[in-house]
Amino acid sequence: MPGFPEVRLRRLRQSPALRRMARETRLATDQLILPFFVCPGSGVESPIAALPGVCHHSVDRLVEAARHARADGVGAVLLFGLPESKDATGSSAWSDDGIVQRALRALGAELPGLVKIVDVCFCEYTDHGHCGVLRGERVDNDATLENLARQAVSLAAAGADVIAPSDMMDGRVGAIRRALDQAGHAETPILSYAVKFASAFYGPFREAAGSAPAFGDRRGYQMDPANGREALREAALDVEEGADILMVKPALPYLDVLAALRRRCNLPLAAYHVSGEYAMLRAAADRGMLDYERALMESLLAIRRAGADLIVTYGARDAARLLAAGWSE
Ligand code: PBG
């Protein structure tokens with residue numbers, strides 16, 4: 001094996017053109033997914049304090065914001081709903097007139113080519129803020145499965161292109177797959193939040209979505225951040241149950257899990273660069289501590305390099321704009 005001085009790795013770093021030629025990983029705008037928070041009313045576009053640059057949108061404004069995002073090259077949107085009312089089971093989540101169902105119909109009518117992904121979960125819809133039906137202080141897994149299936153079918157009927165369950169109940173991918181197939185939605189894919197950790201990085205999202213649990217936490221259903229092997233078991237079960245795409249969430253603190261999954265699994269992989277990951281960049285940039293654009297692009301590139309095909313990020317539109325303008329470090 002030759003070494004220095006015959007080998008000089010700096011040779012290929014001399015110029016922008018050589019660096020671009022030797023570059024192993026690239027970002028593409030059509031693999032970026034932008035989350036939206038849809039709220040009741042009309043004409044609403046109100047900034048979310050915990051997430052700089054992100055707003056609550058009523059359906060009419062959502063359509064306009066999604067139109068701009070798409071014009072900038074963003075491939076897909078991920079929808080979260082803030083319902084008019086909440087109850088113990090989260091029943092507004094499967095109402096055909098629910099907030100996300102209405103958003104789907106409007107987006108479908110106005111922006112037919114846009115990929116509409118929907119989050120399937122109950123924490124935004126229950127009055128206690130947990131991700132399913134309670135029995136005592138625990139979430140009842142199997143009772144929640146029935147409701148998840150209902151929610152998924154209702155969203156597919158309203159025009160969702162991809163169903164993305166994030167609740168972390170056991171068996172939910174299979175339950176949703178069977179319900180979709182029986183209801184005539186055999187062609188609707190499932191993007192499973194297969195590996196979702198009980199993370200402190202969801203903090204800003206819970207303020208944005210009004211979904212903080214009223215008591216306790218989510219450690220009884222979301223994964224222990226210490227567990228890498230268990231993540232592979234979660235992923236394997238979702239593959240068996242019929243998931244079409246697997247997601248790891250959060251992204252940057254779990255790149256090892258993403259890389260391990262990439263080696264073992266041939267499904268497309270997604271990663272969720274979550275609210276806290278994004279908010280950290282914005283907060284540090286606001287204080288002059290780092291350059292938001294460069295830090296965002298480096299983060300997204302790292303997530304791709306570790307093995308993600310798709311990336312959900314609140315910075316999707318910023319990144320798409322930078323890429324369209326020829327971004328290259
Ligand atoms: C649950 C859900 C959460 C996020 C996406 N789906 C929050 C949670 O599990 O508490 C977090 C996303 C983010 O932090 O950006 N429906």
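Before moving on, here are some points about what is shown:
- Set of lysines near Lys249 by C-alpha distance (under 21 Å), chain-local residues within fewer than 8 positions excluded: Lys116, Lys196
- The chain - mean residue ellipticity at 222 nm from DSSP helices (-39,500 (n - 2.57) per run, n ≥ 4, rounded to 500): -11500 deg cm²/dmol
- Cα pair count fraction exceeding 22 Å, expressed as % - region 1-105: 53 percent
- The relative contact order of the chain comes to 18 percent, based on Cα pairs under 8 Å that sit 6 or more residues apart.
- At most 10 other Cβ within 10 Å, DSSP loop - trypsin sites (Lys or Arg not before Pro), region 211-314: Arg287
- Extension gain for Ser15 to Ala50 (0.36 nm times residue separation, less C-alpha to C-alpha distance): 8.6 nm.
- Listed residues Val44, Val274 arranged by accessible area, highest first, probe 1.4 Å: Val44, Val274
- Measuring nothing but protein heavy atoms, the accessible surface of the chain at 1.4 Å probe radius is 51 percent carbon and sulfur.
- Mean accessible surface per residue for the chain, computed with a 1.4 Å probe while every protein chain stays in place, in Å²: 45 Å²
- Rounded to the nearest 20 debye, dipole of region 234-329 from Cβ charges on Lys, Arg, Asp, Glu: 260 debye
- Summary of the geometry: region 67-129 and region 280-329, compared by the centres of their Cα atoms, lie 25 Å apart.
- What the Cβ-Cβ distance of Asp286 and Leu237 gives, at R0 = 41 Å and to the nearest 0.05, is a FRET efficiency of 0.50.
- Other residues lying with their Cβ under 11 Å from the Cβ of Leu301 contribute a combined charge of +2, Lys and Arg counting +1, Asp and Glu -1.
- Going by accessible surface with a 1.4 Å probe and the largest first, Leu145, Leu32, Leu290 read Leu290, Leu145, Leu32.
- Normalised contact order of region 34-99, rounded percent, pairs of Cα under 8 Å and 6 or more residues apart: 37 percent
- Note on region 121-271: dipole from Cβ charges, positive end direction compared against Gly242, Ala198, Thr188; the farthest Cα belongs to Ala198.
- For region 25-324, the gyration tensor built on C-alpha atoms gives a rounded shape. Its axis ratio a/c (a ≥ b ≥ c) stays under 1.5.
- Rounded to the nearest 10 Å², the accessible area of Asp181 at probe 1.4 Å: 70 Å²
- Charge dipole (debye, nearest 20) of the chain; +1 at Cβ of Lys and Arg, -1 at Cβ of Asp and Glu: 1480 debye
- Highest average packing first - 190-198, 133-141, Cβ atoms within 10 Å: 190-198, 133-141
- Gyration tensor (alpha-carbon) shape descriptor, region 191-324, a/c threshold 1.5: oblate
- For Ile33, residues with placed amide H under 5 Å, excluding near neighbours: Ile311, Val312, Thr313
- Local net charge near Ser85, Cβ-Cβ under 14 Å (Lys/Arg +1, Asp/Glu -1): -4
- Using the Cβ-Cβ distance between Arg263 and Ser42 with R0 set to 35 Å, the FRET efficiency from 1/(1 + (r/R0)^6) comes to roughly 0.15.
The values are calculated or read from the model by the stated rules, or taken from the named source; none is laboratory data. These numbers were taken from a predicted model, which means no experiment stands behind them. Neighbour counts run over all protein chains shown; Cβ positions are idealised from the backbone, glycine included. Just the protein is used for accessible areas: all its heavy atoms, side chains included, with ligands, DNA and RNA removed. Shrake-Rupley method; radii C 1.70, N 1.55, O 1.52, S 1.80 Å.
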